[in-house]
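Some notes on the structure that comes next.
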Amino acid sequence: METNNDILAEYVEESREHLSQVESIFVGIQKSGEVPPGSIDELFRAIHTIKGSAGFLGLLSIGTLTHAMESLLDSVREGRLEMTPQISEALIEGTDALNDMFDDVNKSNETDVSGLVSVIVGLNSGTAPAAVPAPQAPKPEPKAAKHAKAEAKKAPEPAAETVEKRSVSDVLAQFPELAEYVPPEQAAAAAASPAPAPVAQEQPKKEAQQSSQPGEKHEEFLRIRVDILDRLMMLAGELVLVRNQQLMHLDQGDSTLRSITQSLDSVTTELQETIMRTRMQPIGTVFSRFSRMVRELARKLGKQIDFVSEGDEVELDKNILEAIGDPLTHLVRNACDHGVEKQEDRAAAGKTEPGKVVLSAYHESGQIHVDIKDNGRGMSRDVIRRKVLEKRLKTEDELSRMGDQDLLNLVFLPGFSTATAITDVSGRGVGMDVVKTGVEKFGGTVSLSSIEGQGSVVKLRLPLTLAIIPSLIVQSGDERFAIPQVNLEELVCLYDKDAFTRIECAGAREVFRLRDTLLPMVRLREALARVKMFDEETLSEVTEKNSEVRKEMADKYQEAEDSGHPIHYSLNFAVLRSGNLRFGLIIDHIHGSEEIVVKPMHRAVKGITLYSGATVLGDGKVAMILDATGLARHYNVRDVGGGKDSKKQQATMEDGSELRSLLLFSNGGSEQFGVSMQDVKRVEAIETSAIEKVGAQEYITLDGVSTRVVRLEDGLRVQSSSQPENMFFLIPQNARKPYGLLVEKLIDSGHYEVKLNKESYQAEGVEGTALIKKKMTVLVNLDQLMHLVDGMWYGGQA
Amino acid sequence: MNYEETDQAQNASMQMCTFRMANRLFGVNILDVKEVNENTNVTPIYHAPSDICGYINIRGQILLVVNLRETFGFDHGHKTGSSGTSKVVVFKPTVDEPFGILVDEVCDVVSVEQSRIVDRRAGESNPSDSVRELRRARDGIVFGVCPLEKELLLVLNARYILAKQLADNK
């Protein structure tokens, strides 16, 4: 029985290849609208081969369906029928049904294909009589047809050979149409001497290949086992190391040896690159399945959706190709379900063209970009806003501060789904979140843009290969570790005093105030030393221990400074991101970046969440690759800051003051002013002579845009500027119209503890005052100030 | 290669690669052994079970190194053989994913008749001390004992060495 299963498995695999060929031909026909010469023959051969083996394997439904399809194709081939859209539609449907049956081939006989078969037969017979008035009329490709006939005769013959328990007559009874193909004595002889199945199956295929027309382009492919490829890759890696050793011990004086070594060097490099390329596969293999999916979805949803794929030939690492299948499926589904509207809705919206989903892949800056574009209704910002509020993912206040892009990005939040009804297609509230995490898992990124009423584009950026990744090499204790660059946001180095004063304790954990966020800190050394997951107890123990250490350091530092021989400290940490979590990883040294070849963990140690793999460093030593997600989980890191874009992050300190990132400036006089850094888009140094007056208003031209100049004294009762030649121009972040604030001098920028005093100086356009750098500072609210200065012009738009 | 195929192979001899660890003599089927390497530059794998030394790089291939001393609960500390450094016995890929074991000293290749290997799982009326000790620690790894001229040879089955880690992982 096992051989039977083997035969079946091989048959399914082979048939799938044929089906994908059939699909690609149909996609070509649909795309170009015409039938390329010879393609009908190809279709016929593919379907025929599938049918040939289905019979003796007892796959009745597949056999019946393929037979009907074959007959229809035969009519088209013989010129009795035109390849009308109805026919190609029916054949595509047949192909889909076949694909479905091959998904679970053992149950395929339970599938009811009679409806489809009768449609196909109807198409075939309905027009057939009219089209065959002259049987002897010259046929388009009589030769090829004859050839295929010959094959048809041969195909069932090896088929009979593999039948073990089923008699030929049984099979013939099920497939009466086969009877004419099988000469009785041949069948009997074949049944008597069972031949090995693979050979039998190979035969029709080979013939199919031989019968392909001369001049047709042949591409040579060879199926290679993945483990052999892996082994080759490993050997190439070993060769590289041997070459490195050779280079190291090279006697520069010997010119013969040097030239030999040089060629060894170049050949080795090329060999490695070539072997790497064997892992690359065209993305079209993934794209092709979506044409079928979109077709099916369109039918199910009652929409009209065209599917176009571009850049099928772009190559990606096999592992990545496998990994993007799911996220892409999600996105294409989303585009069909939520994006493209029903035809009547489209018409109502004034869209004449049919719905369209475009998948395109292309190279850009060393990465592969994949865009999923639809011309549907786009994403309604109002709906997003409503959903977010409904699900309590953000507050109204937070939403009101968000820019358009931030608002769009909310769909990536876990638990967000805009589908009004949960359909069986999509809308389980996990969609985009899963896409994002799925893509980020292998080092890719997702971005989204959408114009309401015109459609959406989701852009995926993917690494070329997973096998080689850029990473940062760091050290903790005696060991070096690799941190994948995708997880890395920035590196922070604290010197001297900062090394022990800037890390603070918040509850049981250590935190660092990085600009406007509180960053939970993870000490790699402690994480490595403790096998058990961190709980509150371990955390506070670690935190306590390290705050002791910090105190000691502080004492020592002070002592050394007092004695006149200051000692220098430094503390490095890397800011890592895993999903929505950010944390600082304290390490001993930073070595620099290196392109590393990732090797998976040995199965005996795979359960350790801290690592995502191992690699061999340049000097031949093995280093572990740290997994940011695993590390965060192990250290029990939780988000202490909240979303990056919310002002909530201005963490409130115990005494009611908050940490804020401010830009401090003066307007000529002695007063000090501050604005929130988040409100400032950029600062330009300008010359006041460039300011032009239009009526009472002043303008300056920046990047070709006339920008309204607002002066502080226009809105606030403060000393006016002495108007020196060089001044600064603050351009606000959320400006609806171009305007900027003219200031005389920039003082400083940074994080300041702000204890806002709202009583001492009250005015519109002012948040309040605070003591910053031992000076009373007026905190200006840019938005309000603009309202004040030009209520009509600015506020009227709001 | 199958240790249990005793019927026909009763008198067949088996080539054993022998090595010393904590003053005991061990042997593994030489057909399972790929090579013997110097133990250099082990990268520890934090959080791994204590009997896993870490990873080493042998010609570009990353190899897991197991310290059987820990597995068996022998006295700690690395006692090295005459050469001064410990060695790694590397197993073939047919045995498991690439791994090796840390040994103090690699000894001769010994040919033993399979019939002389006493399966410790059978008739153990009077098991030797060392066998009893091993049984306490690990099951399966020690396949049997074979008395040589001067001492006992503990026959290990390389295929079971990582079995426990895998069980732990599940």
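The values are calculated or read from the model by the stated rules, or taken from the named source; none is laboratory data. Values in this document were obtained by computation on a predicted structure and should not be read as measured data. As a convention, Cβ positions derive from the backbone with ideal geometry for all residues, glycine included, and neighbour counts pool all protein chains shown.
Report yes if A:Tyr739 is modelled with pLDDT under 85, of a type in the set (Phe, Trp, Tyr) and within 18 Å of A:Asp783 (Cα to Cα), otherwise no.
Working: modelled with pLDDT under 85: yes; of a type in the set (Phe, Trp, Tyr): yes; within 18 Å of A:Asp783 (Cα to Cα): yes.
When the stated conditions are applied, A:Tyr739 passes them.
Considering every residue within the range A:712-723, establish whether at least one is modelled with pLDDT of 85 or more and either part of a strand (DSSP E or B) or within 27 Å of A:Lys774 (Cα to Cα) (or both). No.
Please tell me if A:Leu73 is assigned by TED's automatic domain parsing to the domain that holds A:Ile120 and in contact (Cβ under 8 Å) with a residue 40 or more places away in the chain.
Numbers: assigned by TED's automatic domain parsing to the domain that holds A:Ile120: yes; in contact (Cβ under 8 Å) with a residue 40 or more places away in the chain: no.
No; evaluated as a whole, the condition is false for this residue.
Being within 30 Å of A:Pro354 (Cα to Cα), in a helix (DSSP H, G or I) and not basic (Lys, Arg), is that true of even one residue in the range A:240-255? Checking the range A:240-255: not a single residue is within 30 Å of A:Pro354 (Cα to Cα), in a helix (DSSP H, G or I) and not basic (Lys, Arg). Among the residues of the range B:61-80, are any at pLDDT 80 or above, charged (D, E, K, R) and closer than 30 Å to A:Asn244 by Cα? Taking every residue of the range B:61-80 in turn, none turns out to be at pLDDT 80 or above, charged (D, E, K, R) and closer than 30 Å to A:Asn244 by Cα. Within the range A:30-57, the set of residues being farther than 16 Å from A:Asp96 by Cα and among the β-branched types (Val, Ile, Thr) comprises A:Val35, A:Ile40, A:Thr49.
Number of residues in the range A:590-627 that are part of a loop (DSSP other than H, G, I, E, B) and more than 7 Å from chain B (Cβ to nearest Cβ) equals 8.
Counting only residues that are surrounded by fewer than 20 Cβ atoms within 10 Å (Cβ to Cβ) and without any contact (Cβ under 8 Å) to a residue 40 or more places away in the chain, the range A:1-24 holds 7 of them.
Annotation: of all residues in the range A:469-485 being within 11 Å of chain B (Cβ to nearest Cβ) and surrounded by fewer than 19 Cβ atoms within 10 Å (Cβ to Cβ), the one that is farthest from A:Arg525 (Cα to Cα) is A:Asp478.
I need the full set of residues from the range A:440-449 which are touching a helix residue (DSSP H, G or I) at 6+ places or on another chain (Cβ under 6 Å) and either part of a loop (DSSP other than H, G, I, E, B) or among the polar types (S, T, N, Q) (or both), in order please. Answer for the range A:440-449, where residues must be touching a helix residue (DSSP H, G or I) at 6+ places or on another chain (Cβ under 6 Å) and either part of a loop (DSSP other than H, G, I, E, B) or among the polar types (S, T, N, Q) (or both): A:Phe442, A:Gly443.
Considering the range B:89-105, the residues that are of a type outside the set (A, V, I, L, M) and assigned to a strand (DSSP E or B) include one that is farthest from the other protein chains (Cβ to nearest Cβ), namely B:Glu105.
Within the range A:61-83, the set of residues being at pLDDT below 80 and either within 41 Å of the chain's Cα centre (by Cα) or not aliphatic (A, V, I, L, M) (or both) comprises A:Arg77, A:Glu78, A:Gly79, A:Arg80, A:Glu82, A:Met83. Within the range A:572-580, not a single residue is facing chain B (nearest Cβ under 8 Å), assigned to a loop (DSSP other than H, G, I, E, B) and touching a helix residue (DSSP H, G or I) at 6+ places or on another chain (Cβ under 8 Å). At least 2 residues being in the same structural domain as A:Ile625 (by TED's automatic domain parsing) and crowded, with 19+ Cβ neighbours inside 10 Å is the threshold, and among the strands (runs of 3 or more DSSP E) wholly inside the range A:486-568 those reaching it are A:509-514, A:517-523.
Just to be sure, is A:Ile40 over 22 Å from A:Glu296 (Cβ atoms), under 38 Å from the mean Cα position of the chain (by Cα) and either aliphatic (A, V, I, L, M) or modelled with pLDDT under 75 (or both)? Walk me through how you get there before you give the answer.
On the way: over 22 Å from A:Glu296 (Cβ atoms): yes; under 38 Å from the mean Cα position of the chain (by Cα): yes; either aliphatic (A, V, I, L, M) or modelled with pLDDT under 75 (or both): yes.
Taking the combined requirement at face value, the residue satisfies it.
Please enumerate the residues belonging to the range A:226-269 that are within 14 Å of chain B (Cβ to nearest Cβ) and basic (Lys, Arg).
A:Arg231, A:Arg243
Which of the strands (runs of 3 or more DSSP E) found entirely inside the range A:291-393 contain at least 3 residues meeting this: under 22 Å from A:Met432 (Cα atoms)?
The strands (runs of 3 or more DSSP E) meeting that bar are A:305-310, A:355-364, A:367-374.
When the strands (runs of 3 or more DSSP E) confined to the range B:21-63 are screened for residues that are more than 10 Å from chain A (Cβ to nearest Cβ) and aliphatic (A, V, I, L, M), those reaching at least 1 such residues are found at B:24-29, B:33-38.
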